Number of protein chains: 2
Amino acid sequence: MTNNDNRMVTVTIDYPSVSCLKTTFDEASKNGFAYICAPLAHSLFRREFFHGKSKNRKGPFTRSDLCLSSFEDWAAVIGKISPYINCDTSNEYNRKTSEATLKQELSYACHLSLPAVIIPVNGPNVTNLSRVILSKLVPTTSIQIWIKVPLCDPVKQKKCFYQGEDEESEPTESEANDTWHWWNNLRTMTDSNKRVCVCVEVGGDVPAADGAVMRRWLGEPLRAVLLPTHVFVTNRKGFPVLTKPHQALVRQVASHCHDINFVVTGACRHQHFDLYLKYIGYLVQQKESTDPLATFTEGYEDFLQYPLQPLADNLESQTYEVFEKDPIKYNKYQEAIYHALLDRVPFEEKETSVQVVMVVGAGRGPLVTAALNAARKAQRRVKVYAVEKNPNAVVTLETKQVEEWRGEAVTVVSSDMRLFRPPADQLADLLVSELLGSFGDNELSPECLDGARHLMKDDAISIPCSYTSYLSPIQSMRLYNEVRGYKERIIVKESHFEMPYVVHQKNRFTIDQPQPLFTFHHPNTDEVPDNTRYKQLTFDVKTTSILHGFSGYFSTVLYKDTTLSIHPDTHSPGMFSWFPIYFPIKEPVHLKAGKKLIVNFWRLIDKEKVWYEWNISAPTPIPIHNPNGRSYSIKLH
Amino acid sequence: MTNNDNRMVTVTIDYPSVSCLKTTFDEASKNGFAYICAPLAHSLFRREFFHGKSKNRKGPFTRSDLCLSSFEDWAAVIGKISPYINCDTSNEYNRKTSEATLKQELSYACHLSLPAVIIPVNGPNVTNLSRVILSKLVPTTSIQIWIKVPLCDPVKQKKCFYQGEDEESEPTESEANDTWHWWNNLRTMTDSNKRVCVCVEVGGDVPAADGAVMRRWLGEPLRAVLLPTHVFVTNRKGFPVLTKPHQALVRQVASHCHDINFVVTGACRHQHFDLYLKYIGYLVQQKESTDPLATFTEGYEDFLQYPLQPLADNLESQTYEVFEKDPIKYNKYQEAIYHALLDRVPFEEKETSVQVVMVVGAGRGPLVTAALNAARKAQRRVKVYAVEKNPNAVVTLETKQVEEWRGEAVTVVSSDMRLFRPPADQLADLLVSELLGSFGDNELSPECLDGARHLMKDDAISIPCSYTSYLSPIQSMRLYNEVRGYKERIIVKESHFEMPYVVHQKNRFTIDQPQPLFTFHHPNTDEVPDNTRYKQLTFDVKTTSILHGFSGYFSTVLYKDTTLSIHPDTHSPGMFSWFPIYFPIKEPVHLKAGKKLIVNFWRLIDKEKVWYEWNISAPTPIPIHNPNGRSYSIKLH
C-alpha cells in the first residue's frame, strides 16, 4: 500500500496591483507567501482579435517571461485573467473578443508553466467559458483552472448567516443566485475534469459551519479560499484577526480539502501584509486534530483501495500486523467473550464446565489471545480451537501455541472452517470470528459462518451475533475522478465504476444520513440459509447536489451490549481497522432539493461468488451497475 | 457502402391455449403464421424455489425440447412467461419465488434458442424485473426480450382518442399511468440494451396517428404489436377488419419500425384464425409508399454512414455516379444559372457579353452540363471553367470536354480552387459550386468559397448564395445503440459519441420542430471572413421523452427563388442526394414535458480543420462533446 500526502495548506498573496512583477515577487517570497497572484496581461493592452485587427498592433501584449529570473519563480505565480473577459455575453463581438483574449492569456499561462489561473464566474451562464476552458485542458499541459465564485450570493449572505440553524431552507432558493450552481454548471460542462477546481471568495458573512451550504462546498474540489483583507478585523494589539465564524471556516476548509490555498486579496489594512499570513498560519496549525484516528488515517484521505478478498487470497503478514494494532477491536471482543462465558457457565460450574471456543479465521491469533484473557478474567475454563485456512498464518499460530499460549488448551487447526470436522464431543459453545469488511457482509462472513454451523452446539453463541450495513448518498467529485482514473484490474469497459472501494472519505458531501441496508444474524437456523438480499432505500434530497455514489458503513453486535461500529454517528472511538466503502456510479446525477432519491441495492450469490448490484430508480432511473457481478465479485473459494 | 434490409413484417399467432404444442405449431405453420406464442412452463407446474423446496419435486417443470421435431421449429416459437410472475411485489417470498421462476423460464428459453420471450409489465415499478432481465442478457445468448405494455393506459384511452388534435395536453399526465414511462424505466435500468424491445398491446381505442403519444412510440424499438381479436370488427361479408384508426396504426408501425411483428391474440371470433393473418397482410402490402425517395432509401433506414471528407479524400467514381443520378438537384442548378444569366446580361448584350462561369469542385461535370444547358436556354454566351482538385475526376472532365462539350467553350483546370490563378481578364461572373453536406456547411463550403473569392469579379454571383443548417432534438434508442455499437475509426474513448453520422432516420421521435442554426452568405465581403459560429437554441419539450441526440438538415438558396432543402417541412420532392445528419450524445437525458431544452452548438476552426462541439445546458447541463475536435473534425487540406 502506498499513500498520498496532500494535506498541504499554503497562503498566497493577491496584491491590489503589480507594477513590477520582480519586485513584488521578491517581497512576497521574503515574507513567506507560497504564491503570488498576478494579471496575465497588462491592463493597457486590451486586445481586439476579431476580424484580425490585432495583427496591426505593434509590441507585446504582456510582460515577457524574462521578467522573473527562472521558471521556478513562475511556478509560484497564479495567473489572473483580464477583468473585462466575458465569454457568455449576448453581444457577439464582445463574446468573440473575450474568447480570443482568454485563449491568448491561457496559452501564455501554459507557456509560462504557471500552476494555475483564476477565472471569475459571475452568474449561472457559463457555456462558452466552459468550452474555452475545456479546449485548453489538453494532455500536454498541466495547468489548473481555479473557478472563482462568491462563497454565497451577497444578497443571501445575511440569511445564511443568521438562519444557520435552519439549514434545510437555504438550498431551495432560486438556482440563479446559488453560486454553487454557477460552479456546478461549469464543472458539468467541462466533464468534471479534475484540473478544474473551485476557489471561493469569502464575504463579510459566512454560512453556518454545519449548514448544508458549507458542507456541500466541502464536498467540492475546493482549491483556494479568497480572503479579502476587509473581512479581517483588528484586535486590541492592532493585529488583523478573523471573526469566530471566519475562523471556523478556515479550520474547516483546511481539514476537509486537499492542498488548500488561502489567498489574501485587496489593499493592506494593517501594518504589513505578512501579518495576514502569520495569522492564517496560526489558525491552520491549531486545526491539528487530537483524534488518534486522524494520525492513523493521515495520507489515506480519498485514496482508493481495492477491498480485500480474504477467501480467495491469503492475506500478507503485514496486513495482519496492521489490523492487530487496533487499540479497540480486540478489547471489545474480549469483553464480549467474557460476558458470554459468564452467561453460559454458572458460578457453581466454573470448575467442571469446559467451554469450547472456536476461533474461525484465527489469522495470527489475536482472538485466541482475547479468548484466553476473557476466560482468565471470568474464571471459567475454556478449550480453544484456532481454525485458519491460510497455511502461512498457521505457522504463526503454531509458533504462538508453543511460545505464548503454552500450558493453555489451544488446538491449531489448519483448515477452511467450512471443511473442518471436529470430534463429535468437541462442538463449539462459542464461535468467534472477525470476518467483517467495511460493508459488514462484504468479506462473506454470512457464507463462512453458515458454512461453519456444523461446528456449533445447538445452543451455541456466535460472536458477532449480528451485523448491519448502512448506506448514504454522497457528492464527491474527488472520489468520482479517483475512480475514473483508476487503472488497475480493469477487465470490461467501465468496470472501475462497477466495484466498491475502501477509502477514507474526506472531500465529500453527505447528501442524506446513512440508512440501514442489510442485516445478518448468527447462527442462522433456517433450513436453507438465504443470504441474498434486496432493499430499496428512500433518501431525502435536502440540498440541490450531484450524486457521485454511496458511502457504506457497518455496525455489529458482538454480544448483547458489546458493539463495534464505523457508522459516522456511532463510530467506536479510536478504532481504525475499517475505512468506509464507496460505491461509485458511472455518470453523476443532478439531484434537486425537495426530491426523493430512491436507491436499489442487491446482494446476490451463485456457486462461485457473491456480488452487489445497485442503481437508482428516482428522481430518474439509471442503469443497474455490475449485472451478474461482471466487474466485481467476492469469490467464495 | 452496404446496407441492411430489415423492413420485414411478420404475423404471429398467440392462441388462447396450447394443449399440444406440436399440433398447434403445425396448424399455425400451415396457415402461414411466421411465429406462434406459447407459455414457457405448464401452468400446473407452479414452482417454489425459495428455501430449496423445489428440490423435492419429481418430474419436469415444462414440456421437453423433444416435443417439436427440430430446432428450426423452436426458432418460430415466442415464449410467454408464467402469468403469476411479479418480481416487484413488496412480498419478499413472492418476489424471490417470482425471480427464481423467471430465471428458470428464461434459462429454458435460451436452452431452446427461442428468438424472443414476451414479458408483461403492469406498472412503473420494474426494478427487480430489470435486474433479472439484465442478468440474462449475457453475450453467449441472443434471445430478445419483448416488454409488453398497453399502447396507452386503459383509463386514458378515450381521452387520447377523442382529443387527438390536442396532443400537447396528453403527456403531462401522471407518469404512473403513462405506459411509455413503464417501458422507459425498464429500458433505462437495463442500460438501453438493444436486445430489450417493446411490444405494445392495442386496445379498443388507439391514440391519434399524428399525436405525440403515437409518434413517441414510433421512436422506440417497437418489435411487436399485439392485436387482440376483440379489436377486429366484422365487415358485411363476415370477415374480420379493423377500424380506420386501427388500420392507420398498423400501416404507421409497419412503415416506421424495423422487423415488426403483428401478434394476433385471444379467442377466434371469426371463421378461422387465418382470416386475421390475411387481413393484416393485405393492410401491410398497402403501405408501400409511392414516393420515389422511398425506393432509393430502402435498406438505408437507420444505417449510420461516416460523413464524406471531400477535401481530405478524393471521392470515388461510384460516389460521383450515385449523386449525379439525382433527378432534382441539377435541374434546380440549371434553373438558377439560367435566371442569373438573364439578370446579368440584358437582351441587347446577348451577343457581345461573354459570362465567365466557374464551376468550382466540378467533379465529373454535371454542373458544367447544367451551365451549358442554361446558357443555351437563356440565349446567352458563356465561357465555362471546370475547376477540380481530384485528378481522377479531371480525367473524366477532359474526356467529356472532347466527347460531350466539344465546340463549347469549356476549360478544364486541374487545381484546388483555392490555389487556381486565372488570367486577370477571366474572373468569374458566376461561381457555381455544390459543396454542401447534409448539415450545409459540414463539407467546408464556407472555407472553400471564401478561398475562391479571388476568382470572382466584384459584382459576381455565387450559386448557391446562402445556406442554413437546422437542428431538432430527437429520441431514438435505435440510433443511440447503432452509435454505441459503432466500431470503425475509434481513436479515443467514446469518440463514436462525439461525431455526426449521415443516416436516413426512421425509428425515431422528433421531440420538437427543427430550428435554424448557422447561416452562410456568399460572396462573403468581410475583410477577414469569420466562419466560426456559436448559437444557443431553446426547444420546448412537449412530451416526456428521452434525448438521444439531434437531427440536422439544411436548406440553400441557389439563386433568388430557386432553393434546395432537406428540412422535413420543405424537402425538395424526390431529391435523394442528402440524408439527414445525426449528432449523438453520450448518455440519454430524460426530458420532462413542459420543460425547456437548451442546446449549444459551435462551429470551430483552426489551421488544419473545422469541427463542431455541442452540449445542452438545460434542463440539466451535460459535458461539451468533441472538445478541440478530438474525436471528429473536417480536414481543410
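The values are calculated or read from the model by the stated rules, or taken from the named source; none is laboratory data. Please read these numbers as outputs of a predicted model, since none were measured by experiment. Cβ coordinates were reconstructed from backbone atoms using ideal geometry, including for glycine residues, and neighbour counts include every protein chain displayed. Keep in mind that these areas ignore ligands, DNA and RNA; they rest on the heavy atoms of the full protein, side chains included. Shrake-Rupley method; radii C 1.70, N 1.55, O 1.52, S 1.80 Å.
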Completion exercise
Set A:350/A:389; A:635/B:103; A:592/B:595, cut-off 25 Å on Cα-Cα distance; pairs above it are A:350/A:389
Fill in the blank from the handout: In degrees rounded to 10, the 0-90 angle between helix B:329-344 Cα long axis and the longest Cα principal axis of chain B is 30 degrees
Completion exercise
Probe 1.4 Å, all chains present, heavy atoms only: residue A:25 accessible area in Å², nearest 10, is 20 Å²
Handout entry: Dipole of the protein assembly as shown [Lys/Arg +1, Asp/Glu -1 at C-beta], most positive-end residue of B:414, A:12, A:320
Key = A:12
Fill in the blank from the handout: In segment A:172-248, the trypsin sites (Lys or Arg not before Pro) that sit in a DSSP loop and have at most 11 other Cβ atoms within 10 Å of their own Cβ are A:236, A:237
Exercise for the section: Just flag the trypsin sites (Lys or Arg not before Pro) in segment B:529-589 sitting in loop per DSSP whose Cβ has no more than 16 other Cβ atoms within 10 Å. Expected result: B:560
Problem - For the pair A and B, total buried accessible area rounded to nearest 100 Å², probe 1.4 Å - result: 3400 Å²
Practice task
Run the quick spin-label model on residue A:75 and residue A:233: label points 7 Å from Cα toward the beta carbon, then report their separation in nm to one decimal.
Solution key: 4.1 nm
Practice task
Set the Förster distance to 22 Å, then compute FRET efficiency between residue B:177 and residue B:592 from the Cβ-Cβ distance, nearest 0.05.
Solution key: 0.90
Exercise for the section: Starting from the Cα of residue B:466, step 7 Å toward the Cβ, then list every residue of segment B:572-587 with an amide N under 20 Å from that point. Expected result: B:572
Exercise for the section: Please provide three numbers in whole Å: the alpha-carbon extents of segment A:317-434 along the principal axes, with the largest listed first. Expected result: 43, 35, 25
Exercise for the section: Filter the GluC sites (Glu not before Pro) in segment B:515-621 to those in DSSP coil with at most 13 other Cβ atoms within 10 Å of their Cβ, and list the result. Expected result: B:527, B:608
Exercise for the section: Quantify how strongly other chains surround peptide A:510-522 by giving the mean number of their Cβ atoms within 10 Å of each of its Cβ atoms. Expected result: 0
Exercise for the section: Report P(r) for the protein assembly as shown: all Cα-Cα distances, bin width 10 Å, range 0 to the bin holding the largest distance, values in whole percent. Expected result: 1, 8, 14, 16, 17, 16, 13, 9, 4, 2, 1, 0, 0, 0
Exercise for the section: Rounded, prolate or oblate: pick one for chain B, where a ≥ b ≥ c are the square roots of the eigenvalues of its C-alpha gyration tensor, a/c under 1.5 means rounded, and failing that, prolate if a/b is larger than b/c, else oblate. Expected result: prolate
Practice task
Could you check how much of the accessible area of segment B:519-637 is carbon and sulfur, as a whole percent, using a 1.4 Å probe?
Solution key: 53 percent
Completion exercise
Looking only at aspartates and glutamates whose Cα falls under 12 Å of residue A:377's and that sit 8 or more positions away or on another chain, we get A:335
Problem - Percent antiparallel among DSSP beta bridges (both partners in the protein assembly as shown, rounded to 5) - result: 50 percent
Practice task
Quick one: angle between helix A:21-31 and the longest Cα principal axis of chain A, in degrees between 0 and 90, rounded to 10, please.
Solution key: 40 degrees
Problem - residue B:351 versus residue B:309: modelled label distance in nm, points set 7 Å from Cα along the beta carbon direction - result: 5.4 nm
Completion exercise
Placing each pseudo-label 7 Å from Cα in the direction of the beta carbon, residue A:513 and residue A:247 end up separated by a distance in nanometres of 3.0 nm
Fill in the blank from the handout: Honestly segment A:521-637 on the Cα gyration tensor test (a ≥ b ≥ c root eigenvalues; a/c under 1.5 rounded, otherwise a/b vs b/c for prolate or oblate) is just oblate
Problem - Rounded if a/c under 1.5, otherwise prolate or oblate - segment A:503-590, Cα gyration tensor axes - result: oblate
Completion exercise
Too long for a 23 Å Cα-Cα cut-off, among A:383/A:607; A:80/B:535; B:244/B:278; B:400/B:609, are A:383/A:607; A:80/B:535; B:400/B:609
Practice task
First measure r as the distance between the Cβ atoms of residue B:89 and residue A:527, then evaluate 1/(1 + (r/R0)^6) with R0 = 25 Å and state the FRET efficiency to the nearest 0.05.
Solution key: 0.60
Problem - Cα-based helix-to-principal-axis angle, A:366-378 vs chain A, degrees rounded to 10 - result: 60 degrees
Problem - Calculated FRET efficiency for the pair residue A:324/residue A:17, C-beta based, R₀ 56 Å, to 0.05 - result: 0.40
Exercise for the section: Kindly provide the helix-only [θ] at 222 nm of chain A, computed as the sum of -39,500 (n - 2.57) over DSSP H runs of four or more divided by all residues, to the nearest 500 deg cm²/dmol? Expected result: -8000 deg cm²/dmol
Fill in the blank from the handout: For the rotation taking chain A to chain B, the chain A residue with the nearest C-beta to the axis, plus the distance in whole Å, reads A:587, 3
Problem - Packing-based ranking, highest mean first, of A:417-425, B:549-557 given that Cβ atoms within 10 Å are counted - result: B:549-557, A:417-425
